[in-house]
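The values are calculated or read from the model by the stated rules, or taken from the named source; none is laboratory data. Just so it is clear, the model here is predicted, and its values are computed rather than measured. Here the Cβ positions follow ideal geometry from the backbone for every residue, glycine too, while neighbour counts run over all protein chains shown. Accessible surface areas use protein heavy atoms only, side chains included; no ligands, DNA or RNA. Shrake-Rupley method; radii C 1.70, N 1.55, O 1.52, S 1.80 Å.
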Amino acid sequence: MWTKLAGFILRYRTVLLITVCVITLGMLYQAKDVHLSYEYASLLPEKDSAFIEYEKFKEHFGEDANIMFIAIKDKNFFELDKFNCFMDLSDSLSKIEGIEGVFSVANAFRLKGSRLTKFFEEKPQSQYELDSISSALLQQELYKGFLFNDTSHVYMTALTINKPLLDSPAREQLLDSIISMYDEYTASNNQEVFYSGLPYIRTKTSLKIQGELMLFVILAALICSLILYMFFRSIKIVFFAMLIVAFGVVWVMGWMGIFNYDITILNALLPPLIIVIGVPNSVFFLNKYHHEYVLHGNKIKALQRVIRKIGNATFLTNLTTASGFATFIITESRILQEFGLVAFLGILSVFVLSLLLIPIVFSYLDPPNKKQVRHLDNKFFQQIIKLLTKTVLNYRPFVYVGFFILFAVGIWGVTKMESTGYMVDDLPHNDPILTNLKFIEREFNGALPLEILVHSDSKINVLQNRSFLLKMERLSDSLKKYPEISKPLSILELIKFSWQAHNGGDPDYYTLHNSIDFGFQNKMNRFVRSQNNKMQYSIVDSTNTSFRVKCNVKDVGTERMEFLTQELQTDLDSIFVNEKYSTTVTGSSIVFFKGTKYLIRNLFISLFLAIIIIAVFMAWMFRSKRMVVVALLPNILPLILTAALMGFFNIPIKPSTILVFSIAFGISVDDTIHFLAKYRQELRITNWNIGKSVVLALKETGTSMIYTSIILFFGFGIFIASQFGGTEALGSLVAITLLIAMLSNLIVLPSLLLTLEKQISNQSFKEPLLHIYNEEDDIEIDDLKIISQNEDDDDDETTMQNNSHENDK
C-alpha cells in the first residue's frame, strides 16, 4: 500500500499540492466564524440530577449567575458630597443597557405601612439629613452582611445583568463601562473598589484566554522554528516545516467552524498544541529523507523511501496520539467532547499534510547540501547514543534496579496526591480577579451563588403557618455554623424585616412576628398583594409552594464543597421531616463543583481507555501480547513519576492536571512505536540477530527521538507562561513526562528487548499484520527515471517511472 501511495504522491504532486491549498482556503473560510465562547459551558451532562435540579430552580426563580458585586471600602462613605456622587453613580448604572437592576444603600428599601419606599427618595440636602437617614439604614438587620459591613466600612452594590447579553460579546463593553464609571467615581473620592461575581469573573477570564491564544501560537511557532534551525541549519527547511503546521492550525480552526464550535478554555490550547505535535512529524520525515539521500544521493528515491519506510509508523504514532485525545469524546461533558473531537481530527489532518507536503515540496527543491545533512553526524548526539548503547548492553541490571526504585518512589508519591478544584484557583495569587474575590469573601462570606429550595406539596400561607416559619428559622440558624456561607435571604428574613419596620425600626424586633398581632398580618397581606413588591417574587414562587433561601458561598474547593453540600442536606432532612416537603441544595456553585468532580472522574476513565486503545493498536501492529506489555512498561513509568511529582509538590488533581496523563501517554508511546518498527525492520536485515538489531534501531531512531522530545519539551514548556495555574501545570507536567518517557524508551525498552529476547521475539512478531519495508526491498537507482509529463508545461511537472514496481510488491 505504501509503495503505491509513494508513487501516487510523487506522480501527481502538482494536483495534490493544488488540492491541499484549495482545501486549506476552504478551511480558512470556515474558520472565520469561530469566535470566543461567551456562554458558560456546564461540565455536567444534561441528565445528571444536579443539572436537572438547577434547571428546575431557574424555572421558578430565574438566573442566579448574573449578579455582579462591587464593593467600596471607605470609612467616610456617608460624607454628603461623596454620597451624592454615589447616588449619581447608581442612577447612571441603572440607565446602562443590559443592567436590569441596581441594589445598594443608595436605593435600599424600607417598609412604610404596607408599601415599600426607598430610604433615599432624593439626594440629601445636608449632612444632618444624610446622617439621620443613614443611621436608620444601618440599623436594618436585613441589610447587615448583605449591603454593608458596618464594622469594616465596606458597602456593596449588586448589579443584575441581562443573561442574553452576558452570553454575547457585548458583555465586554458593558463591563468596561461599569469599571470606567467606578474608576471615575473612586478617583475623585479616594476610595478602594473591588469587583467580583460570576459575570465579572467569567468575562475577565475569557479575555485572558483570548489574549493567551495568540501568545501561545506565536511562542510555539518561534520555539519550534528555533529548535528546527538548530537541528537542520536551514532556513528553507524551517520555513516549509512551519508552513505545514500553519496549514494544520488552519485546518483545526476550520474543523471548529464546520462543527460550529466556539473557542473555550480547553480548545484554545489546540492551535499551539497542533504546532508542537505537528513539528515532530516533519523531524521524522526530514531526518529520514536526509539519511536516505546520504546513502545513495538520489532525491526522488529518498523521498519515496521516506513514505514507504516511515509513513506506516508515523501514521500509527499520530493515530495513537489522536486516540489519546479522542477518548474525551466518550465523556458526557460538551466542552471535553468538542476538545477531543477537534484534537483527534486536527492531529490526523496535520499527519496527512506532512505526508503529502514534505515529499511534494522537497521534490521541487534542490537536494540537501552538506551543511543541511551535517546534523546526521552531530558529535554530541552521537556520544549520547553511544552512552545509551553502552548502558543497554552492559549495565542492564543497574537499569532494572533504577527502574524499580523510581517505580517505588513513584507509588509513594501517588499516595500523597489530592483532588480538588476551585473556580478561580488557576489564577496567580496577586491577580485582581482572585484578590477581589477574596476581599468580598472576607467581608461578606462569599460571592458564588448557593441556593436552597424548599418545596411544599400544598400552598402555604406563611403569615399563618408558624410551624413552617419556625422550620425556616431553624434552617437559618443552622447556616450560621458554616463560616463559608453568607447570610441567607428568604421569606423568613422578609417577615423579620417587616416586623422590625412595624415596630419603629428597632433592631431588637428583627425576629418572628407576634402570631396574634392581626394588624401586622393584615398589613403584610396587603404588602404581599402589592404590585410594587418585587422582593417577594425573588424568594417565593407565584404558587406559594416553592421557597428560596438565597446565599453566597466562598470558593472553598470541590472537597470542602462536597462536605458542605452533604451537611446542608442532612440539616434539611432533619428540619423538614414531613413528607409534604422536599428540599434541594443547588445553584451555580454547586453545578460548577459537581461538574468538576464529574470531569475528573471521566478524565480518569478516558486515561484508562486510552491505555487500552493504544495497547490494542500495538497488538494489532506486532501480533504479540508480550511485546505489548514490554512496550507499555516504559510508558507507564513516566505517568507514575509525574503523578508522584504532583503528590510531592502538592499539585492537586483537577481537570487541567488530569489532562496531562492522557495527552502525555498518547504522545510518549510514539517513540515506542518508532523504535519497535525500526527494531523489527533490522531483525530481517540482520537475520534475527537481537543484539545487533537493538543497537542499530537505537542508533537510527535515537537521534530523531531526542530531536522530537526536545521540541515537545520546549513546545509544551511555553504553557508555563500562562496566567492560569492549570495551563501552567499542564505544560510543565507534560514536558517533564515526555522527557522521562524519552529516557525510558531509549534505556528501559531496549534493555527489556535484550533481556526477554526469546520470550517476545516469536513467529507472530516475525510476521506482523502490518508490513514495514526494509532496505533490501526497494527500487534500484538505475531503474528510477524522472520523465517530463509535458515538455511545454511551464512548471516543469515531473513524474516517477518505476520499472521494477512489481518486484517492490
> In the range 123-171, which residue that is among the small types (Gly, Ala, Ser), outside any loop (DSSP other than H, G, I, E, B) and within 29 Å of Arg202 (Cβ to Cβ) is modelled with the lowest pLDDT?
Replying inline: Ala170
> For the range 556-570, which residues satisfy the criterion of being surrounded by fewer than 20 Cβ atoms within 10 Å (Cβ to Cβ) and under 23 Å from Phe468 (Cα atoms)?
Replying inline: Thr565, Gln566, Glu567, Gln569, Thr570
> Can you tell me which residue in the range 509-540 is nearest to His60 (Cα to Cα), limited to those that are at pLDDT below 75 and aromatic (Phe, Trp, Tyr)?
Replying inline: Tyr537
> When you scan the range 607-723 for helices (runs of 4 or more DSSP H) that lie fully inside it, which ones turn up with 2 or more residues that are hydrophobic (A, V, I, L, M, F, W, C), open to solvent by 10 Å² or more (accessible area, probe 1.4 Å) and free of Cβ contacts under 8 Å to residues at least 60 places away in the same chain?
Replying inline: 625-648, 690-717
> If you take the residues in the range 378-430 that are hydroxyl-bearing (Ser, Thr, Tyr), out of contact with any Lys or Arg (no Cβ under 8 Å at 6 or more places or on another chain) and more than 30 Å from Phe563 (Cα to Cα), which one is most open to solvent (accessible area, probe 1.4 Å)?
Replying inline: Tyr395
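One residue is enough: does the range 46-53 have a residue meeting the conditions open to solvent by 30 Å² or more (accessible area, probe 1.4 Å), of a type in the set (A, V, I, L, M), within 30 Å of Met423 (Cα to Cα) and part of a helix (DSSP H, G or I)? Steps first, answer last, please.
So in the range 46-53, the residues open to solvent by 30 Å² or more (accessible area, probe 1.4 Å) come out as 46-49, 51-53.
Imposing the further condition that a residue be of a type in the set (A, V, I, L, M) reduces the set to 52.
Next cut, within 30 Å of Met423 (Cα to Cα) only: 52.
Applying the additional criterion that residues be part of a helix (DSSP H, G or I) yields 52.
The answer is yes, given that some residue of the range 46-53 is open to solvent by 30 Å² or more (accessible area, probe 1.4 Å), of a type in the set (A, V, I, L, M), within 30 Å of Met423 (Cα to Cα) and part of a helix (DSSP H, G or I).
Please verify whether Leu754 is surrounded by fewer than 24 Cβ atoms within 10 Å (Cβ to Cβ) and closer than 20 Å to Val628 by Cα, treating the condition exactly as stated.
On the way: surrounded by fewer than 24 Cβ atoms within 10 Å (Cβ to Cβ): yes; closer than 20 Å to Val628 by Cα: yes.
Taking the combined requirement at face value, the residue satisfies it.
Residues checked against (1) open to solvent by 30 Å² or more (accessible area, probe 1.4 Å); (2) out of contact with any Pro (no Cβ under 6 Å at 6 or more places or on another chain):
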residue: Ser132; (1), (2): yes, yes
residue: Gln139; (1), (2): yes, no
residue: Leu147; (1), (2): no, yes
residue: Asp150; (1), (2): yes, yes
residue: Asp176; (1), (2): yes, yes
residue: Thr186; (1), (2): no, yes
> So, of the residues in the range 149-167 that are over 32 Å from the mean Cα position of the chain (by Cα) and among the hydrophobic types (A, V, I, L, M, F, W, C), which turns out to be farthest from Asp91 (Cα to Cα)?
Replying inline: Val154
> Restricting the first residue to the range 405-419 and requiring it to be more than 15 Å from Pro638 (Cβ to Cβ), which pairs with a second residue that is open to solvent by less than 60 Å² (accessible area, probe 1.4 Å) and in a loop (DSSP other than H, G, I, E, B) meet a Cβ separation below 8 Å and a spacing of at least six or different chains?
Replying inline: Met417/Pro652; Glu418/Pro652; Ser419/Pro652; Ser419/Lys654
> Any chance the range 7-29 includes a residue that's at pLDDT below 90, under 33 Å from the mean Cα position of the chain (by Cα) and either over 30 Å from Glu172 (Cα atoms) or exposed (fewer than 15 other Cβ atoms within 10 Å of the Cβ) (or both)?
Replying inline: no
> Tell me, which residue of the range 94-122 that is in a helix (DSSP H, G or I) and touching a helix residue (DSSP H, G or I) at 6+ places or on another chain (Cβ under 7 Å) is nearest to Gly145 (Cα to Cα)?
Replying inline: Val105
>> Every residue in the range 672-717 that is among the β-branched types (Val, Ile, Thr), at pLDDT below 85 and closer than 27 Å to Leu222 by Cα, please.
In response: Thr701, Thr703, Thr708
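Check Val350, Val361 and return the single one that is outside any loop (DSSP other than H, G, I, E, B), in contact (Cβ under 8 Å) with a residue 60 or more places away in the chain, β-branched (Val, Ile, Thr) and surrounded by fewer than 21 Cβ atoms within 10 Å (Cβ to Cβ).
On the way: Val350 fails: surrounded by fewer than 21 Cβ atoms within 10 Å (Cβ to Cβ).
Unique residue meeting the criteria: Val361.
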